[in-house]
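What follows is one structure encoded as C-alpha cells, with my remarks underneath.
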Amino acid sequence: MSGSTAVRQAIAASASLFRTPRSSAAAARVVATTAQRSLATSTRQNGLACASGRPRVAPGRAVGAWQLAVSAQQRRTMFIQTESTPNADSLKFIPGQPVSPEGTHEFLDAGSAANSPLADRLFHLPDVRSVFFGPDFISVNKTEDGQWSELKPEIYSIIMEHFSAGRPLFEEGKGGGAEDTRILDTDSEVVAMIKELLETRVRPAIMEDGGDIEYRGFNEDSGVVQLSLKGSCRGCESSTVTLKGGIERMLMHYIPEVKEVEQVLGPEEAVAEDEFEKFEARLRAGGKTVSV
C-alpha cells in the first residue's frame with residue numbers, strides 16, 4: 001500500500017467518527033455562539049446589561065451600586081454605594097476602598113479644592129456646595145435648589161473614573177492628616193482629655209453620618225469647649241441636638257471642668273445666620289425693613 005493511499009484511508013476513518021461533519025468555519029461559529037451565550041449568562045448573573053459593548057446597570061440593581069467593566073479580557077469591578085444622612089442636602093458616597101485614611105479634609109469652595117483633583121472636578125458640577133473626604137467615604141453637600149436625581153449620576157461617574165484610574169487624592173505634598181485633636185506637650189491635662197474623647201468617642205460616631213468635628217479650643221475660665229461641625233453635619237438641622245444632647249453631655253460627664261459646648265460657625269454659616277435673624281426681625285416688624 002502506497003503512502004498516499006494509507007493517508008487517504010486514515011482521513012476517511014477519522015471522518016466516519018463524526019455523524020454530522022461540519023466545516024471549520026461552521027465549527028468556529030458554534031464555538032463563538034456558545035461563548036457569547038456563556039458571557040450573556042454570566043453578565044445577567046452579575047447584574048449588568050451590555051449593549052454595543054458598553055456596560056450599563058441592569059434594572060433591579062440597588063440604587064447607589066455601580067459596576068464598571070473595562071474590557072472583555074480583563075474586567076475591573078467597582079461598586080459605589082450611597083447612604084443618606086440627617087442632612088437632606090448631603091449624601092455619603094462609599095467607593096469601597098480607602099479615601100483619606102490619614103485624616104479628614106473639607107472643601108467649602110472651588111478655591112480650597114485646587115490641590116485635590118477629585119474635589120476640584122466635583123466642584124465643576126452645578127449646585128455642589130461643599131465636599132468632604134472621610135477615611136472611607138466622600139460627602140457631597142448640595143444647594144437647596146439642587147436635585148439629587150441630576151447630581152448623583154455625575155458624582156458617580158467622577159468618583160468611579162478617579163479611583164479606577166488610580167489617581168492621587170491630592171497633588172504631591174499637598175495633603176495632610178488632621179491636627180486638631182493631636183495632643184501637644186503644651187496641652188493641659190483637661191485639654192488632653194477633651195481631645196482624647198473627641199478622637200476616640202465622638203469622631204467615629206459623627207463620621208457614621210458623613211461628617212466630622214474640629215476642636216477649636218477650650219476656655220478654662222468659663223469651661224466652654226468650642227467645636228466646628230464639618231461635612232454632612234455642617235448646616236444640618238439636628239446639629240444643635242448633636243452638640244448639646246450628645247457631645248456636651250458626654251464631655252461634662254467625664255470631665256467636670258467642662259461646663260458647656262458651643263459651635264463655632266464658619267464664614268458661610270455666620271452670613272446665613274445673620275440673614276436669618278434679619279428675616280425674623282422683618283417678620284416681627286410686619287414686613288418693614290429694619291436694621292439689625
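Each of G246, V224, M193 was scored by the projection of its Cα onto the charge dipole of region 123-268, and the greatest displacement toward the positive side belongs to G246; charges sit on the C-beta of Lys, Arg, Asp and Glu. Computed extension length for D127-R167: 11.9 nm, one decimal, from 0.36 nm per residue of separation with the Cα-Cα distance subtracted.
How much net charge surrounds C233 when only the other residues with a Cβ under 10 Å from the Cβ of C233 are counted, with Lys and Arg +1 and Asp and Glu -1?
Residues close to C233 contribute a combined charge of 0.
Taking each residue as 0.36 nm, the span from S188 to R282 lengthens on full extension beyond its C-alpha to C-alpha distance by 29.2 nm. Placing a pseudo-label 7 Å from each Cα along the Cα-to-Cβ vector at D136 and A110 gives an inter-label distance of 3.4 nm.
A short reminder: the numbers here are calculations on the coordinates, not readings from a lab. Values in this document were obtained by computation on a predicted structure and should not be read as measured data. All Cβ positions, even for glycine, are placed from backbone atoms using ideal geometry, and neighbour counts span all protein chains on display.
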